[in-house]
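The values are calculated or read from the model by the stated rules, or taken from the named source; none is laboratory data. In this text the structure is predicted, and so the values were computed from the model without any measurement. Cβ placement follows ideal geometry from the backbone for every residue including glycine, while neighbour counts extend to all protein chains displayed. In case anyone asks, the SASA skips ligands and DNA or RNA and just uses the protein heavy atoms, side chains included. Shrake-Rupley method; radii C 1.70, N 1.55, O 1.52, S 1.80 Å.
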Amino acid sequence: MGRPYLHQRFPALAETLPHLKLSGRPTPVRELPGLGIWIKDDGAFGAGGWGGNKVRKLEWLIPDAQRRGRRSILTFGGLGTNWGLATALYAREHGLATALALVDQPIDDHVRAQLARLEASGARIHRTHTKARTVAALPWLLARNARGGRPPYLLPAGGSSPVGALGYVEAALEIAAQVEDGLLPEPAHVVVPVGTGGTAAGLALGLQLAGLRTRVVGVVVNDQLRLDGTVLARLARRTAKLLERRGASLSEVRIEASGFDLTRDQIGSGYGHRTEAGARATALAAEQGLPLDPVYTAKAMAGLLALREAGRLGGPVLFVRTDGPR
Ligand SMILES: Cc1ncc(COP(=O)(O)O)c(C=O)c1O
């Protein structure tokens, strides 16, 4: 594909909203035989390095940082942050330094391996331990990580700013094109994990833009942030406003908090804690050749299966695998 779907849809955006292609597309969709579940494998999104949903966000965030003349990025996450690692690796390739302020999360082998990768990535790591201490340290973090006389490009955890959410507006347009090509039926529901909200918010906006009636089902996996319909709708609306300010016309779009179906039933003991339901979902998915990670996609698949069992997900369901290859 040449131009991103968003630029094809709104040519004026190409001038004002730069895009950096970090992956081939579309990512593949396939049916899990006999289950009425389709998988969109965003684990395949990325260029041989660290893939998944973060890379879709970085396609818009890195060029935005460059457009603003920034030489570094400051962002946040837990000790095992996938987001921080993807940012460090892709930003480095594009001449930007990364600093990460990391809060504590349960340390297991998965997190230990991730910390080693973070250290090898060249990112400057600040272990701030808690959210409160991160907030208190912010002025110092900004000053410490300035480059070339410019403050760092500040990004919320998970890259879930309006610019970052564009990655999943784009993904929704990609899904619509795949539906049009007959690769899957129009989904009644699309299920994603909700860690910071950018994926779910971007999808909700993009699905409406594409004219699909698909509802977004978010399985909340993070108990450290407020993640409800109001918060996700606000992010989706801010993303819509960004597009309008840059020249797109979105008069048909209506984003309401009630447009998100969210479940908090899979959090278990908290962000990063494994659950039995997640382990069962992982085993089931493995039989279908679908690897899941314990923190996000295992819980999202467990949520899908539980909602399905409860009769709350009728019609074709699309599960987006947001985790990337190692
Ligand atoms: C693998 C994976 N899936 C899902 C998410 C959640 O996406 P979002 O932060 O956009 O809600 C993240 C990051 O937070 C992630 O690393």
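Points worth noting:
- Some residue of the stretch 111-119 being outside any helix (DSSP H, G or I), open to solvent by 50 Å² or more (accessible area, probe 1.4 Å) and touching a helix residue (DSSP H, G or I) at 6+ places or on another chain (Cβ under 8 Å): no
- A count restricted to the stretch 171-215 and to residues that are part of a strand (DSSP E or B) and more than 18 Å from VAL231 (Cβ to Cβ) stands at 3.
- Among residues of the stretch 260-274 that are charged (D, E, K, R), those with a beta-carbon under 6 Å from a residue that is surrounded by fewer than 21 Cβ atoms within 10 Å (Cβ to Cβ) and in a strand (DSSP E or B) at least six positions away or on a different chain give the pairs ASP261/ARG215.
- Among residues of the stretch 180-211 being in contact (Cβ under 8 Å) with a residue 12 or more places away in the chain and open to solvent by 30 Å² or more (accessible area, probe 1.4 Å), the one that is nearest to the ligand (Cβ to nearest atom) is THR196.
- Residue in the stretch 277-294 that is farthest from LEU262 (Cα to Cα), counting only those that are open to solvent by less than 10 Å² (accessible area, probe 1.4 Å) and not charged (D, E, K, R): LEU290
- Identity of the residue in the stretch 216-241, surrounded by fewer than 24 Cβ atoms within 10 Å (Cβ to Cβ), in contact (Cβ under 8 Å) with a residue 60 or more places away in the chain and in a loop (DSSP other than H, G, I, E, B), that ends up farthest from the ligand (Cβ to nearest atom): GLN224
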